[in-house]
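The values are calculated or read from the model by the stated rules, or taken from the named source; none is laboratory data. Since the structure is predicted, the reported quantities are computational estimates derived from the model, not experimental observations. Every residue, glycine as well, gets a Cβ built from its backbone with ideal geometry; the counts of neighbours run over all protein chains shown. We work out accessible area using only protein heavy atoms, side chains counted, and drop any ligands, DNA or RNA first. Shrake-Rupley method; radii C 1.70, N 1.55, O 1.52, S 1.80 Å.
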Amino acid sequence: LHRVYLDPLLHEERAMARVGVPEWFISHCQKSGGYAALGMYLILRRHNKCCWLDIFEDDKSENGMLQGVANASEGVIVIIDEEYFKRPFCLMEARRAQRLRKRVVPVISVQDREKEQEILNNCPQDLRPLFQKQCKVIDPACLVTMQRQLPTLLDYQSPGVLVREGFVGNSDSGYLVISFSPGGGRCALGFLAASVANGERVWMQSFAEDKSAARFAEAVRHCRAVVPIVSDDYVRSQHCDDLRLAREHDKPLQPLIAGEDKPKIGSMKEACPPDLQVVFDISFLNVDVSDMPSLELCCPRILKAINEATSMSQLEKRAAQRKEMWEALSGEGAESSRTDRRLAWLRKRVEWIDNKAVEMDAEAE
């Protein structure tokens, strides 16, 4: 059983956990309860608890879900919201837990607390015995708060801090800042999960208690690199200011993009403010969050690209050099045709390649 773990474990612990039986099954609606479910997963893993969460599973079929509920040795955490009781798969998981007499812990986000009774009124009659007790309230917008709440919810003793002040993971090599808009949230969470599984430390504003612009600027000032998740709404919103902050502090950038958004890069560049369009000179890397095990395996390649990333000031310098070179080529003969200028540029490229070949031959000898 291949499983993705979101905190860096010792090799032996990780190998044992991958073949372990899940202690908790997290039942939720992906569209509306994704943040809360991922928060639960992160914190339970810090408590050395093995969890079943669909986005990290190889078998996401109906049988895989039913088997996950059956295997959960400690119980099922149900994250209820306005969508939960409208989803057939969510109801299927709850009925499976009821049939097998599993311990069920219903939780609700602090935003939905006032609507709890209204939401429970939509619960099918046969499932109402599961939700007779008052739901536990969590704050999915802040993992720091959730971390304090979880030991009380599930009667655990806290073994230490996984998330503090917006940081996730443990690493001595500096940290990454993920910048994203609501449209890139799923992509950001997928990359967060895979990068922390690969030993990185990541800062995300969504997980910080202080979500002010000043706190974000401070995080960028001290980070190793900024990773923007570029999407349609990102380039059209105030999130572009994050890129200006990265330029101000001369931080390396490596943009990521969801696979389905890759064909839209041209239109995104046109919508991006002119002073930031130089970012599109960087090769964007795809993040496929539909297959988390594969994402974890290819994450080292992404992290390597981040470690080799350049800052916006360097990109602007290169763009200026290209412009200067082209103007020089164009100026050699104002009456020259476009073809002649292109040939002159190609001659220079061939000359550069020949020089590199000579250098490589000399190194080989």
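Some observations on this one:
- In the context of the full protein assembly, Met92 retains an accessible surface of approximately 40 Å², using a probe radius of 1.4 Å and ignoring ligands and nucleic acids.
- Solvent-accessible surface ranking, highest first, for Val110, Val104, Val358 at 1.4 angstrom: Val358, Val110, Val104
- Rounded to the nearest 20 debye, dipole of the stretch 199-282 from Cβ charges on Lys, Arg, Asp, Glu: 160 debye
- Backbone amide hydrogens, once placed in the peptide plane, bring Lys251 within less than 5 Å of Met312, excluding anything fewer than 5 places away on its chain.
- Val21 - accessible surface, heavy atoms, 1.4 Å probe, Å² rounded to 10: 90 Å²
- Inter-centroid distance (Cα atoms) of the stretch 221-251 relative to the stretch 31-85, Å: 32 Å
- Residues in the stretch 41-128 average 48 Å² of solvent-accessible surface per residue, probe 1.4 Å, ligands and nucleic acids excluded.
- Largest-first ordering by accessible area, 1.4 Å probe, given options Trp352, Trp24, Trp345: Trp352, Trp345, Trp24
- Residues in the stretch 224-238 that a label on Glu270 would reach, taking backbone N under 15 Å of a point 7 Å out along Cα→Cβ: 232, 236
- Among Glu363, Glu118, the sequence by solvent-accessible area, most first, with a 1.4 Å probe is Glu363, Glu118.
- Surface composition of the stretch 191-272: carbon plus sulfur atoms hold 46% of the accessible area, using a 1.4 angstrom probe and ignoring ligands, DNA and RNA.
- Straight-line cross-link partners of Lys136 among the lysines, defined as a Cα under 22 Å from its Cα and at least 8 positions apart when in the same chain: Lys31, Lys49, Lys86, Lys102, Lys115.
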